[in-house]
Structure formats: structure tokens, C-alpha cells
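See below for the structure under consideration.
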Amino acid sequence: MIKQHPALARRSLLGAAGLFAAGSAASAAPPPVATPTVRLGVLAFGTVRWVASVMLSHALDRAQGFTLKTETLANNDTAKVALLGDSVDVIVSDWLFVGAERARGLKLRFAPFSSASGAIVLARNSTIRSFKDFAHKRLGIAGGPFDKSWMIVRAAARRESGLDLARAAEIVYAAPPLLSAKLEEGDLDAVLTYWNFAAALEIAGLHPLVSVSECAEALGLPAHPPLIGYVFREAWAGQQPRAIRGFLAASTAAETLLLRSDTAWGPVRPLMDAPDDRLFVLLRQRFRAGIVPVAPAEEEQAAERLFAILHREGGTAATGGLASLPPGIFWPAPS
């Protein structure tokens, strides 16, 4: 008897049992259904590696009827090139990238992955107490001039104090590790950085002024707007429905383990660059805070509101050249 994986639906086999009399032929069993492979592009410093490690260590891919294969990529731009070039099936990016590609005719889809967001962290002995204190201060920004977190913070600062941070402060754009070093050395007054780098700075004794989540709430957005997620080609998902359903289900199962079980973090810690126990615990806490299930309708509404803010703050340069979001960005939730 052929033993199939328990996560797959049981199918009856057309039997070849019976007597082989002269002139008779046995019925042939149908060929087994091939297990699909999902090629996931990951960054060496990305938290999707954490989720992938849990998927593999707990065999969640096999439980959902697919095989996960990870491909380490250099940076976000490389990941996009790999997806568009069909070198990987899934990457983590933002819905604005998906919208821009859909507007150009390439049908990509987006399924939210994490809502963890960064924060503004102050230098030691800083005199900054609110946005109005940023005039003539040196503010480092991770992610570039049109980063969505930066647009949210700018909009919140404008609403609270009437101050345009991009004009009032001395802005420095750089990679998060360099910004962290410059802040600790006293060469910057504050940095807006990614959540994991913000956590490391807090452990080093520096203090956050405000989080991107708090800024989002001040603008009427959800505290955890859907910023990044899994991005994949619509055509591939249509051809491999078992693969995409299984992958998203396995990702949810892995996040649930990370949310509820401390022991599930065993295979993750070596990937976290967190030799300090306090940093490890804080990173775990912040990652868990970003696991916030949101209904698809709410995701799209939040994306529309955030798009309006991005467009207002930075024009089409901040929205990938788009004046409005095309339909079909978000992958529908399973029925």
C-alpha cells in the first residue's frame, strides 16, 4: 500500500488487485502527485529567516504538502530582481512595490508578513523631547528618503508641531548599522531606524522618543499598518495553488509557535545576532508584537489611507510613480 503524507487528502487508489487471467489487464494506479517546492528568497539580516527556520525545524512545510527551499540574497533590490527573473518564487517586500509592478502590467500579489515597525531613538543626554525640538538637529534615517516609516513620521510631526522634519532637521540617510554607530559616537542627535536596530540601541542604554506605530495611530492608521509581506507572481500562484496555500499556512503556523512558545526560538537565536540575553528577549518581544492578524478588508483600507499619506508627503516619487493604487494587490484570505 502506498503511504501518502498525512497532511494530504486521502485519495482512493485505482487497484490492480485481482487475478491476472489470460486476456485480462490490471488497472494501473495513477501516478503520485509531485510535492511542489517553494523557493523563498531571504536576506541574511531579515526576520523572514527566523520564520523559515521554524518552518524547516518543525517540518511545517512537509505538513502542508510542499518543500521549502531558501535562497539567501544580498539585499532588497537583489530580492526583487530574483523574483522578477524567476530565480525565486516568494520574497518579502512591500505592497507599494507590488502596486507599481501591477500598474506596469506584471501581476504580483502581496500577503502580509509582519507589522513590526521601527522608532526614533535619541542620543545619550539628548535635549529632544518632542518633534518641535528637531530644528537644526542631526537626524539619521534608515531606508532612504521615501521609506514608508519616514513618511509616516514626517506626517505625524507635521500634524503635531507643524514642522517638516525633512526641512527643519539636518537629515542623513545611511544603512542601519552605520546610523547606530554614529548615534552611539555622538555624531547624530537621533535616528529613525528599523525595529531590531532600535531594540539593540535600547539595550545599549539609549532611549526611544516615539515609535512608528505611535505615529501611525496619531494619523488615524492602525497601530500596526501592513508594511511588508510575502510577494509572489500571480501566475505562479495560479499554477501552484497547493504551494501558495501550504506556504502561507506554514508561515502562519511558524509565527503561532514563535508567539506562544519560548522553546520554538531555539533554532532562531543563532540567526538573531543577539549574544546578550536582554537583547534576545527584547527582540523576541518586539517580533511577537508585530504578529497582528488583520482582516483583508482592513489591510486594503489601511493601505489606501497610508498611500494617501505617502502621496501627500512625497508625491509620486514616494509612491513608485503611482497616483492611485491599482486593484488586486492583496492576496485573498483562504475561505
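The values are calculated or read from the model by the stated rules, or taken from the named source; none is laboratory data. Only a predicted model underlies this, so the values are computations on that prediction, with no experimental measurement involved. Positions of Cβ are backbone-derived with ideal geometry, glycine not excepted, and every protein chain shown enters the neighbour counts.
Can you tell me which residue within region 43-82, out of those that are among the hydroxyl-bearing types (Ser, Thr, Tyr) and touching a residue at least 40 places away in the same chain (Cβ under 8 Å), is surrounded by the most Cβ atoms within 10 Å (Cβ to Cβ)?
As a first pass, look at region 43-82 and keep what is among the hydroxyl-bearing types (Ser, Thr, Tyr): 47, 53, 57, 67, 70, 72, 78.
Retained after the next criterion (residues that are touching a residue at least 40 places away in the same chain (Cβ under 8 Å)): 47, 53, 57.
Working: Thr47: 25, Ser53: 21, Ser57: 14.
Restricting to residues being among the hydroxyl-bearing types (Ser, Thr, Tyr) and touching a residue at least 40 places away in the same chain (Cβ under 8 Å), the top hit is Thr47.
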Inset, instruction - From (1) over 23 Å from Trp331 (Cα atoms); (2) over 22 Å from the mean Cα position of the chain (by Cα); (3) modelled with pLDDT of 85 or more, pick out the condition that doesn't hold for Gly15. - result: (3)
Legend entry - Evaluation of Leu306 against (1) without any contact (Cβ under 8 Å) to a residue 12 or more places away in the chain; (2) under 19 Å from the mean Cα position of the chain (by Cα) (one fails), failing number: (1)
Inset, instruction - Identify, from the list Ala216, Ala198, the residue that is of a type in the set (A, V, I, L, M, F, W, C), closer than 26 Å to Glu304 by Cα and part of a helix (DSSP H, G or I). - result: Ala216
Inset, instruction - Could you check region 224-335 for helices (runs of 4 or more DSSP H) lying wholly inside it with 1 or more residues that are among the basic types (Lys, Arg) and at pLDDT 90 or above? - result: 241-260, 277-289, 296-314
Inset, instruction - Could you grab the pairs with beta carbons closer than 9 Å, sequence gap of 6+ or different chains, first residue in region 246-266 and within 20 Å of Val281 (Cβ to Cβ), second one outside any helix (DSSP H, G or I) and aromatic (Phe, Trp, Tyr)? - result: Glu255/Phe113
Inset, instruction - Determine whether region 153-174 contains at least one residue that is under 27 Å from the mean Cα position of the chain (by Cα) and under 30 Å from Leu248 (Cα atoms). - result: no
Inset, instruction - Considering every residue within region 278-297, establish whether at least one is surrounded by 20 or more Cβ atoms within 10 Å (Cβ to Cβ), touching a residue at least 60 places away in the same chain (Cβ under 8 Å) and under 30 Å from Gly105 (Cα atoms). - result: no
Inset, instruction - Tell me the helices (runs of 4 or more DSSP H) entirely within region 32-144 that contain at least 3 residues that are of a type in the set (Gly, Ala, Ser). - result: 48-57, 95-103
Legend entry - Test set (1) surrounded by 17 or more Cβ atoms within 10 Å (Cβ to Cβ); (2) modelled with pLDDT under 90; (3) aromatic (Phe, Trp, Tyr) - Phe146 fails condition number: (1)
Inset, instruction - Could you identify the single residue in Arg269, Arg278, Arg242 that is among the charged types (D, E, K, R) and over 30 Å from Glu184 (Cα atoms)? - result: Arg242
Inset, instruction - Identify the residue in region 172-190 that is part of a helix (DSSP H, G or I), at pLDDT 95 or above and touching a helix residue (DSSP H, G or I) at 6+ places or on another chain (Cβ under 8 Å) and, among all such residues, is surrounded by the fewest Cβ atoms within 10 Å (Cβ to Cβ). - result: Glu184
